[in-house]
Amino acid sequence: MSETVVDGVQRLPENGISVIIIGAGVSGLQVALESWRKGCDVVIIEKAPELSPVGDFFTITPSALTTLKCYPSMHSDYHERIYNCSTHVYTPSGVQIHSKFPEWRQPGVVTAAPDVDISFLKRRPVFAKMQLDQVTRLGIPIYWNESVIAVHEHENSVNVVTASGQEFTGDVCIGANGISSKISGFDAGPDVAVQDSGYAIARVAFPRSSIKSDSLASTLLKTIDSEPEFRVYVGKDIHLILFLTPDWVAFAFTHADSDNAKETWTNLKRPSDLIPYLEKAADEWDPAVLDFVRSAPPEIVDWKLRWRDGAEQWTSDSGRLIRLGDAAHAFFPTAGNGAVQGLEDAVSLAECLRIAGKEFITKATKVHNKLRFERVSILQQTGFINREELHTADTAAVTGNREKANIGFFKIGRWVWNHNPEHYARDNYDQCLAHLETGAPFHNTNLPPGHVYQPWSLSSETERMRAGIKSTLKENGDWSA
Ligand SMILES: Cc1cc2nc3c(=O)[nH]c(=O)nc-3n(C[C@H](O)[C@H](O)[C@H](O)COP(=O)(O)OP(=O)(O)OC[C@H]3O[C@@H](n4cnc5c(N)ncnc54)[C@H](O)[C@@H]3O)c2cc1C
């Protein structure tokens, strides 16, 4: 068998591995692309009837885009809409207290994806459509409207059954089915309960044209044609993010979820519902910001932020089932890494499958898991720390001392964005496998240099915050840019 080229994508010779992917979210679509590129036979099963148009912006940083160059059409689609945002922190009354470009845009910095113009923000539906278009052009089959209800793992194969009675057989099954979907027989690691984090996020994206040109809100948009902006307004136990780009704008309002309800959605359904919450958190709001919120359409999604503690094991005991993306690790939006880590997972797992080959698939999933867990766990924890810092910022103090306003939300660290998950898997596979099989020494190096990993959980973080103890996570190892 030789390499083939489809839509400009170079595919390695077929390796005989058949991969079944549950879920066509950002992680599921990416692992389909990467596995196909490595020569696997791939099928995706998705319970929704089509790609969801829901969602506003998410952050995609260089480590998630290291293989974009392997897909020339998708590479060009990606570059069609670039929002090279500057990032800012504001007091509610509208005083700018911090302002900079992301770390990877600082002069002289070369990233792990040097061929990609990293835009910081991407509109979620646009990114997912870009991936789906590539999946379609490569001819990877997707079964829409098929909810997977059961998975059976056998010694040499996996069987996947959908609600309509369709059955699929493969060598490995990747559960990229999001945070809270449960599937009978998908026993990959401990069954960790999904918990209420106590916070929710009300968010909506809308066309810039919804903001009238003579309105107060329009004063926020004066310079965004030349420089889109990511603004965070910090209040008492809330933060409000404004995404300001030349064509689409959005807000995301993170707030304590007072009703403690069990449902996915909470109560903020209309822009007018948000105003009293905002006013509770600060005496004085910039009238332009309140006008911006009022200009939004009524279709606000107020997601409960649910949490599931990280489990070290993402695979079944025998290794033919593996969780990926949100299904393996929950992320708060304040970590800015949910989609990034799902995309890194996809690249890493496909490379491990390639290295192992069909005969050793069950080793590949376990090596991938070992290579990824600590990195992902540290980044999950930043979601707590970044939120805490935003919700307790002493704006009066930092207004007089801008140095103090270097809010850690924007302190990401080179170790995060300068990582190449494909190279990392390739370079570390053998040593990691030896470690798993014989106990030979192996230490992950995709962490902050010098970092000593410390296990943690929702309850340990909650206890720490209740006791008023500042986290030292970002002092553990080298987090510099
Ligand atoms: C509709 C939507 C909107 C979002 N909007 C934002 C946003 O605005 N900003 C942001 O930062 N993040 C957003 N996210 C979250 C972000 O996209 C994810 O955290 C991240 O990209 C990880 O994606 P994932 O593919 O691992 O999981 P998900 O994006 O949750 O995808 C999981 C997929 O699996 C499917 N699935 C679940 N169970 C089954 C089953 N039994 N059988 C078959 N299919 C199944 C689901 O329908 C879904 O398509 C959104 C997610 C979704 C689903």
Of the numbered conditions (1) open to solvent by 10 Å² or more (accessible area, probe 1.4 Å); (2) assigned to a strand (DSSP E or B); (3) of a type in the set (A, V, I, L, M), residue 339 fails exactly one; give the number of that condition. (2)
Log entry, pairs with first residue in region 44-56 being of a type in the set (Gly, Ala, Ser), second being open to solvent by 30 Å² or more (accessible area, probe 1.4 Å) and within 6 Å of the ligand (Cβ to nearest atom), beta carbons closer than 7 Å, six or more apart or on different chains, reads 55/124
Take region 104-122 and flag every residue that is basic (Lys, Arg) and either loosely packed, with under 11 Cβ neighbours inside 10 Å or touching a residue at least 40 places away in the same chain (Cβ under 8 Å) (or both). 122
When you scan region 155-167, how many residues do you find that are open to solvent by 40 Å² or more (accessible area, probe 1.4 Å), touching a Ser or Thr at 6+ places or on another chain (Cβ under 9 Å) and away from the ligand (no atom under 14 Å from the Cβ)? 1
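For region 174-199, which positions are away from the ligand (no atom under 11 Å from the Cβ), in contact with a Lys or Arg (Cβ under 9 Å, 6 or more places away or on another chain) and under 10 Å from residue 321 (Cα atoms)?
Across region 174-199, the qualifying residues are 188, 189.
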Return yes when residue 257 is within 15 Å of the ligand (Cβ to nearest atom), open to solvent by less than 40 Å² (accessible area, probe 1.4 Å) and either over 24 Å from the mean Cα position of the chain (by Cα) or not assigned by TED's automatic domain parsing to the domain that holds residue 67 (or both) and no when it is not. no
Given (1) more than 11 Å from the ligand (Cβ to nearest atom); (2) assigned to a strand (DSSP E or B); (3) not aliphatic (A, V, I, L, M), where does residue 129 come up short, assuming only one miss? (2)
Report the residue count in region 144-154 for those that are more than 9 Å from the ligand (Cβ to nearest atom) and surrounded by 15 or more Cβ atoms within 10 Å (Cβ to Cβ). 3
Among the residues that make up region 132-155, is at least one of them β-branched (Val, Ile, Thr), within 18 Å of the chain's Cα centre (by Cα) and in a helix (DSSP H, G or I)? no
The residue that is nearest to the ligand (Cβ to nearest atom), considering only those in region 25-44 that are aliphatic (A, V, I, L, M) and within 21 Å of the chain's Cα centre (by Cα), is 26
Is region 295-312 home to any residue that is part of a loop (DSSP other than H, G, I, E, B) and buried (at least 24 other Cβ atoms within 10 Å of the Cβ)? no
Looking only at residues that are β-branched (Val, Ile, Thr) and near the ligand (Cβ under 9 Å from one of its atoms) in region 291-349, which one is modelled with the lowest pLDDT? 301
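For every residue, the table says whether it meets (1) buried (at least 22 other Cβ atoms within 10 Å of the Cβ); (2) touching a strand residue (DSSP E or B) at 6+ places or on another chain (Cβ under 7 Å); (3) in the same structural domain as residue 68 (by TED's automatic domain parsing); (4) aliphatic (A, V, I, L, M).
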site	(1), (2), (3), (4)
124	no, yes, yes, no
129	no, no, yes, no
133	no, no, yes, no
142	no, yes, yes, yes
175	yes, yes, yes, no
179	no, yes, yes, yes
185	no, yes, yes, no
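One line per residue, one yes/no per condition, for (1) in contact with an Asp or Glu (Cβ under 7 Å, 6 or more places away or on another chain); (2) β-branched (Val, Ile, Thr); (3) away from the ligand (no atom under 16 Å from the Cβ):
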{"site": "79", "(1), (2), (3)": "yes, no, yes"}
{"site": "91", "(1), (2), (3)": "no, yes, yes"}
{"site": "98", "(1), (2), (3)": "no, no, yes"}
{"site": "110", "(1), (2), (3)": "no, yes, yes"}
{"site": "120", "(1), (2), (3)": "no, no, no"}
{"site": "135", "(1), (2), (3)": "no, yes, no"}
Look at residue 47 and say whether it is within 16 Å of the ligand (Cβ to nearest atom), open to solvent by 30 Å² or more (accessible area, probe 1.4 Å) and touching an Asp or Glu at 6+ places or on another chain (Cβ under 7 Å). yes
Filter region 350-402 for residues that are outside any helix (DSSP H, G or I) and at pLDDT 95 or above and give the result. 357
On the given criteria, is residue 110 out of contact with any Phe, Trp or Tyr (no Cβ under 8 Å at 6 or more places or on another chain) and either assigned to a loop (DSSP other than H, G, I, E, B) or on the phi > 0 side of the Ramachandran plot (or both)? yes
State whether one or more residues within region 113-122 are more than 30 Å from residue 282 (Cα to Cα), in contact with a helix residue (DSSP H, G or I) (Cβ under 8 Å, 6 or more places away or on another chain) and polar (S, T, N, Q). no
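The values are calculated or read from the model by the stated rules, or taken from the named source; none is laboratory data. The structure displayed is predicted, hence computed values, not measured ones. When we count neighbours, we look across all protein chains shown, and the Cβ atoms used for this are built from the backbone with ideal geometry, even at glycine. To get the accessible areas, we keep the full protein, side chains included, count just its heavy atoms, and leave off ligands, DNA and RNA. Shrake-Rupley method; radii C 1.70, N 1.55, O 1.52, S 1.80 Å.
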